[in-house]
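Student: Below is a structure I'd like to ask you about.
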Amino acid sequence: MSYAADLIILIGALFALLGALGVLRFPDVYTRLHAASKAGPLGVGLILVGAGLHSGEPLIVLRVLLGLLFLILVSPIAAHLLARAALRSGVPSSTSTSINEFTSNH
Amino acid sequence: MTDLVLDGAYVLLAVAMLMAVIRVLRGPTLADRILGLDLATTLAVGLIAIFAVTVRQWLYLDIAIALALVGFVASAAFARYLISQRHQ
């Protein structure tokens, strides 16, 4: 049980690192948002679940699962809000963007 | 075994936090900085969760979940600010 929790924590930390790497390296806000919203629910969510499994108490596992549910519900909303705000305030997308369906009306 | 994994996870999250801070400092637009701050808050949630395992105090998990709640409100408020800024 402890080994499984360790593995889950390690996978979560790796996902968080990859998300942050995407935030650092991707060319514009919209692609960076794509990377950042994976680091949240997947990376940190897995870390939370692993930490909850380490405790071995059902009540704490339940609480952590509720936290994970909250992350999964809320992270896309936050990413969408920020992308919409960036689009409306006129942040340009990368020059390598081939299709932009928001040029005329947003 | 667990200690080794926890140390590794600390290092991974610290590097990720550093990347988020670099994005906040460098980020060409305000939206990039808001995104970096949001990511830093999320990573702090993960760090607190790992710390809870280190010290075996499971109350810290509640603190991590509460920080996730506050972080969502913060980034939503920042996004509203970004929209309202355009009209001035």
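Student: In degrees between 0 and 90, to the nearest 10, how far off the longest principal axis of chain B does helix B:2-26 point, with axes built from Cα atoms?
Tutor: Computed tilt is about 10 degrees.
Student: Please report Rg over Rh for the protein assembly as shown, where both radii come from the alpha carbon positions and Rh follows the Kirkwood definition.
Tutor: Rg divided by Rh gives 1.02.
Student: Still on this structure, I have one more. If r is the Cβ-Cβ distance from A:ILE72 to A:SER98 and R0 is 30 Å, what FRET efficiency results, to the nearest 0.05?
Tutor: The computed FRET efficiency comes out at 0.50.
Student: For chain A, what Kirkwood radius comes out of the mean inverse Cα-Cα distance, in Å?
Tutor: On the way: mean 1/r = 0.0652 Å⁻¹.
After inverting the pairwise mean of 1/r, the radius is 15.3 Å.
Student: Hey, another quick one. If you take every residue apart from A:VAL23 with its C-beta less than 9 Å away from the C-beta of A:VAL23, what net charge results, scoring Lys and Arg +1 and Asp and Glu -1?
Tutor: +2
Student: Would you calculate the separation in nanometres between label points at B:TYR10 and A:SER2, each defined as 7 Å from the Cα along the Cα-to-beta-carbon direction?
Tutor: 1.8 nm
Student: Right, something else. Assuming 0.692 mPa s and 37 °C, estimate D for chain B with Stokes-Einstein, Rh taken as the Kirkwood radius over Cα pairs, in µm²/s. Spell out each step's value before the answer.
Tutor: Details: Rh = 14.2 Å.
So the translational diffusion coefficient is about 231 µm²/s.
Student: Helices from chain A with mean Kyte-Doolittle at least 1.6 and a Cα length along the axis of 18 Å or more, per DSSP H: which?
Tutor: Membrane-span-like by this rule: A:2-25, A:58-88.
Student: Within 15 Å, Cβ to Cβ, of A:ARG63, how many net charges do the neighbouring residues add up to if Lys/Arg are +1 and Asp/Glu are -1? Kindly include the intermediate steps, with their values, before the conclusion.
Tutor: On the way: positive: none; negative: A:GLU57, B:ASP62.
Charge balance near A:ARG63 sits at -2.
Every read-out reported here was derived from the displayed coordinates using simple, explicitly stated rules and does not represent laboratory data. Quantities reported herein were computed from a predicted structural model and do not represent experimental measurements. Cβ coordinates were reconstructed from backbone atoms using ideal geometry, including for glycine residues, and neighbour counts include every protein chain displayed.
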